[in-house]
Every structure is written in C-alpha cells, then in structure tokens.
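This report refers to the structure that appears directly beneath it.
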Amino acid sequence: MSVHLSLEPAHPEPQTIVDSLPPNRPLPLRGAIIIKLAVAVSLIFIFTICFCFVGADVDEDYFKKSLTETANSSPGVVLLGESVDVDVDEPSITIRWSIIACGEGFFLPGSTGVHKSTVCGMPSQPLRIFVDNNLQPAATYDPAQIPLDRDTGSRRSIQNLVQFDSDHVLDVHEARVYPFDTYLLSSTLRAVSATNDTVPIRKLLTIDITSSFDIDTTDSETYSSSTSSAGTVTYTSRDIDMHVARPTSARIFALALFALNWIMAHVTVGLVLLCRRIHSNVRPIFKHLLSAGAILIAIPQMRNSMPDAPGFDDTIGYFPQMIIAGTSTISILLILIGHEIDHLREPPIVLNRPPRDLPSPPPSALNRIRPPPTPTKDSSSLQIAQYERHRAMQHMKGEYVFPPVNLLPSDPSVGSPHRRTKSTMPKISEGSGDSRFSDFL
C-alpha cells in the first residue's frame, strides 16, 4: 500500500493581479500615487534650492582683507563702494560710497568694526568729497555729527552721514551685442579738509559681483595742477577704472531664450507649410492659426524676460523674429479666408438617397382574419373541418391550443415529425364529423 503525500494546500489561495503579471514587468501605479510622488519630488527640489540662500547674508572677507592691507601699508581715507547699480537703459552707473579711514589716528574712537575690521572706522577729521572735479562737493562729512550710544559708548553709523551717491554716464555703444556687451567707466575723486587742504585717498574699493553684472575695479593715485596768480597748486586725487561685463550664467540664460525665440519663429513657418497642404477640412487651420498667434504674443514676453536686457532694438533677434512670426500668422489667416471663399462658391451637395422603407402600420381590427366559430351540434362537417384546420395551423405556429391537437401521418409506420407529444384527440374525417365532435361535449 503506497501513500502519496501532497504538499499543495487543499484550498489554493486566489491569485492576485501582481502574481498574474509576467516577471520583470513594472508594476502599474495608480493616479493618486503618481500625484503624491510628483508633489514629494517638487517639495524636495524646492527645499534643496532654498539651501542656496543659507549664508548669503554673511559678509565676504574681500573687504576685510583689503582694508587690513591698506591700514598696514598706507593708512588714511578709504572710499568703499558698497553698492553699484548699472542701468543700461538710462544709461548710467550709480555707486554708493562709504567714507571710512584705516590706521591708528585716522578714525574716531569707538567707530571700528566696519566690515569686521578692527583697524578701520569713521574718519576723525571733516572732509569734503569732489567727484570728477565738480565745483560742488558730492558729500560733506563732519565727525561732530556722528552720535554716540549712551549704553556702550560706541559711535552709531548713520548712513546719510557717512555715505553718498555718485552718478556716472555710461558708454553703451556695445549694448547691441547683448549678452556679450561690456562697459567701461573712469572716474576721479578728491578729498579736502575743512581748511581746504588736500587729503589723499588711499584706496577705492567696490563690490565685484551684482545680480546682472561682474565688475572689475582698479584704482590709481593721480594728481592735477592749476596755475593762478598765487602760483601752481597741485591737487592729489584717486582715479578708478571699472570694467563691467555680463556673468556667464546670465549669458547662458540669454542665449537659451534667444534660441527658443528663433525656434518659435521657425515653427510658425512650418505651420504655414502645413496649412497649404490642407484642402478639405479647415478645422486644423484654426488650430494652427491659434498656435501662430500665441507664438506672436510669446516672443516679446520671452525677450523681456532676459536678464537685464536692453530695449527692443536688436537687429538679429527681436525684429526678425517678430517679422517672421507676424508674416506667418497673416499667411495662415489668408489661407483660411481662401478656403472659406472656395466653400461659399461650391454648389450645395444633394445626396440621392433611396427612400427609406417605412414600417407598415399594424393591422387594424377590421383587417384581421377572424377565426372560424366554435362548432356546435348543428355545425356541418365543413365548418368543423375549417375549425380543426385553424386549430392545426395555430398548433404548427407554436401557439397554445386547447384541447391539444393530434396530427397523425398518413403512414402509421412513420413517426410524427412535430416536436409536441401526441394528443388524444381523434382523427377528423368528413364522414363521421358529427359523432366525433360529440365526444367533446
């Protein structure tokens, strides 16, 4: 006797959708899961970008290092350009200068700590600053107006008392080569004391990075002389040369938008070619017309979104792009008008369709064939035969007949082909119709 053990369960578990999938096939994700994943990825990206601003408010050591070197090598008055605003449309450059002094004996006590430098502070003597040899001073500094903090005893840095702005005209003859335009600026500054004595400016410093430009600054010591009846007077000054150019990131963004504008202009030309191939259905022409109109509106917006872009006056970008897009839009509109005119000239099309067969009305009660009356004792054999024939016809149509009808073949050896069972009704004949009908009564 052999015993066969089966490890299969008596009631197998139902097969799930995951089990029915073939191997190495990715599982389908539901729409809600895809949306949640997309939101999670978007939030992670946003939080990652926010980390770029961490530490942006920390002052760079660029000014601190330069101020320390100036205090050690040539102490004196220093002008620090903490803000540079380049306006190509104006065109001008505005520099905000801070008046400071570096070195022992040149700054006020309790005013150190400018840009975390312990050897620089506010000047200890009154000053007047002249920009580009103007007759009127651009700034007047008086140390007696600097207030003291009563609790700490340190000097308060009031911006309007220690800062001033200087505006300079910008040469923009290279603005047409945007974003590869560069600008040069040269300026001279001179400081005098309250007794009208020249005070040498030891250093001119500016920031080197703005939101839209990179600035390279060099300064040099200069002098100028004037002759009068009293003799020749020499004035010591400090000149600055600024080289302003676009950063690499701004150039990449501008070139990308420039290329996208040209691509959209070329797309409008392709839409015109597609519309010329359409001859029957004009509905796609409406779609192409809307696309060309959207591109015509989008090109100026994308041109305006370029970083610190000049006006709409370039001859290799904006103007040709607008001409191509506008001409293409007008061409599509003319093609659409031509199709509409052709459609109006065409005669109306009459389709020779055969008349449809209308359904015949249902027979009325008057047109229906009345069944023969039920035989009585006085009925003749012909009436009985008509009645029985009518019953047989209803039976052959599958209708219910009572009493049942018995159809016997002429040859008793042949079975009845009808699907119903034989009834017990006797055979009908003309000779003995009366006696047979009496059996039912």
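Read-outs: derived from the displayed coordinates by stated rules, not from any lab. Computed from a prediction, not measured in an experiment: that's the story for all the values here. Heads up, the Cβs are rebuilt from the backbone with ideal geometry, glycines too, and the neighbour counts pull from every protein chain shown.
Observations
- Per-residue ³J(HN,Hα) for the range 151-161, Karplus 6.51 cos²θ - 1.76 cosθ + 1.60, θ = phi - 60°, Hz, x for Gly and Pro: 7, 9, x, 8, 6, 8, 8, 9, 4, 5, 8
- Given their separation in residues at 0.36 nm each and the Cα-Cα distance between them, Leu260 and Ser83 gain 60.4 nm when the chain is fully extended.
- Taking 0.36 nm per residue of separation and subtracting the current Cα-Cα distance, fully stretching the chain between Ile158 and Ile44 would add 36.8 nm.
- Rounded to whole numbers, the Karplus 3J(HN,Hα) couplings from phi for the range 32-45 are 5, 5, 5, 5, 5, 5, 5, 5, 5, 5, 5, 5, 4, 5 Hz, using 6.51 cos²θ - 1.76 cosθ + 1.60 with θ = phi - 60°, and x at Gly and Pro.
- Placing a label point 7 Å from the Cα of Val269 along the Cα-to-Cβ direction, the residues of the range 315-340 whose backbone N falls under 20 Å from that point are 315-335.
- Residue ranges 160-168, 215-223 sort as 160-168, 215-223 when ordered by packing (mean number of other C-beta atoms within 10 Å per residue, highest first).
- Remark on Ser154: its backbone amide H falls under 5 Å from those of Asp149, a criterion applied only to residues 5 or more positions apart or on other chains, H modelled at 1.01 Å from N.
- In this structure the amide hydrogen of Ala139, modeled in the peptide plane, comes within under 5 Å of the amide hydrogens of Ile129, none closer than 5 places in sequence on its chain.
- In Hz, Karplus ³J(HN,Hα) per residue of the range 165-171 (6.51, -1.76, 1.60; θ = phi - 60°; x = Gly, Pro): 10, 10, 9, 10, 6, 9, 7
- Order by protection proxy (mean Cβ within 10 Å, highest first), peptides 122-132, 82-92: 122-132, 82-92
- Segments 224-237, 375-388, 332-345 sorted - mean Cβ within 10 Å per residue, highest first: 375-388, 332-345, 224-237
- Taking amide hydrogens as placed 1.01 Å from N in the peptide plane, the amide H of Lys203 sits under 5 Å from those of Leu79, each at least 5 positions away in sequence or on another chain.
- Taking label positions 7 Å along the Cα-Cβ direction at both Ile330 and Asp151, the computed distance is 7.2 nm, reported to one decimal.
- The range 259-331 - convex hull of the alpha-carbon atoms, volume per residue in Å³: 72
- Virtual paramagnetic centre 7 Å along Cα→Cβ of Ala298, amide N under 20 Å, in the range 240-258: 253-258
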